[in-house]
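Just below is one structure, and these are the notes that go with it.
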Amino acid sequence: MKNYLKLVLFSCLGAMCVMSVAYAVCPVCTIAIGAGLEGMRMLGVKDVITGIWAGGLTISLIGWTANYMRRHNVKGWFWYLLNVMVYVALLAGVYFVPRANPIVKWWENCMWGMDQFLLGSLVGAITFILMEIWYMRIKRNNGGHALFPFQKVVMPFGGLVVMTLVFWLIIKVLPGMGIVLC
């Protein structure tokens with residue numbers, strides 16, 4: 001197993017050395033999130049925390065694709081709805097692919113009566129959207145300018161970090177108090 005991990009690591013490093021340009025929505029990043037789910041599980045990270053980041057990534061990809069569609073004059077609500085459906089289906093793929101042994105098994109572990117990965121994905125998506133709305137409001141009230149450089153990146157990232165800490169505390173503290181999460 002260690003030799004396999006070394007091979008994968010060196011292959012990834014070699015691929016990064018020969019890449020000429022990195023694009024904002026690169027397939028490698030998207031696949032890394034899916035593959036990272038199993039790696040995070042091996043490290044002991046709960047699915048709810050992984051789901052928070054996967055939900056945020058999904059909303060980010062939806063937004064980037066919508067911006068690309070706008071810049072290239074793609075019109076019609078159907079294409080934007082299809083954009084959302086494709087990315088949500090890709091996120092749901094962790095329950096179905098690979099078919100014989102899915103990455104996340106539905107209802108294998110739950111929190112508050114909901115699958116942990118699904119709960120985390122919803123929390124991450126909602127957090128990302130709310131932070132984007134808050135950023136747009138701040139920008140509008142500041143004459144169309146951000147308050148500091150890279151604020152558009154820092155705010156959603158910070159929101160996901162805060163939600164990760166909140167759920168980490170919930171996972172660590174509530175069971176110690178005798179409160180059952182499922």
Original post:
Do we have Leu130 as in a helix (DSSP H, G or I) and modelled with pLDDT of 90 or more here?
Top reply: yes
Original post:
Out of the residues in the stretch 146-156 that are part of a helix (DSSP H, G or I) and aliphatic (A, V, I, L, M), which is most open to solvent (accessible area, probe 1.4 Å)?
Top reply: Val153
**OP:** Scan Gly159, Gly143 and give me the residue that is of a type in the set (Gly, Ala, Ser) and in a helix (DSSP H, G or I).
**Re:** Gly159
Original post:
Taking the condition under 19 Å from the mean Cα position of the chain (by Cα), surrounded by 14 or more Cβ atoms within 10 Å (Cβ to Cβ) and at pLDDT 90 or above, does Leu122 pass?
Top reply: yes
**OP:** Determine, yes or no, whether Val166 is open to solvent by 80 Å² or more (accessible area, probe 1.4 Å) and within 26 Å of Ala54 (Cβ to Cβ).
**Re:** no
**OP:** Show the residue pairs that are 6+ apart or on different chains and have beta-carbon atoms under 6 Å apart, the first residue being within the stretch 159-180 and over 12 Å from Thr127 (Cα atoms), the second being surrounded by 11 or more Cβ atoms within 10 Å (Cβ to Cβ).
**Re:** Phe167/Val48; Phe167/Ile49; Ile171/Lys46
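The values are calculated or read from the model by the stated rules, or taken from the named source; none is laboratory data. For clarity, every value in this text was computed on a predicted model and none was experimentally measured. Backbone-built Cβ (ideal geometry, glycine too); neighbour counts: all protein chains shown. Surface accessibility is based on the protein's heavy atoms, side chains included, excluding ligands, DNA and RNA. Shrake-Rupley method; radii C 1.70, N 1.55, O 1.52, S 1.80 Å.
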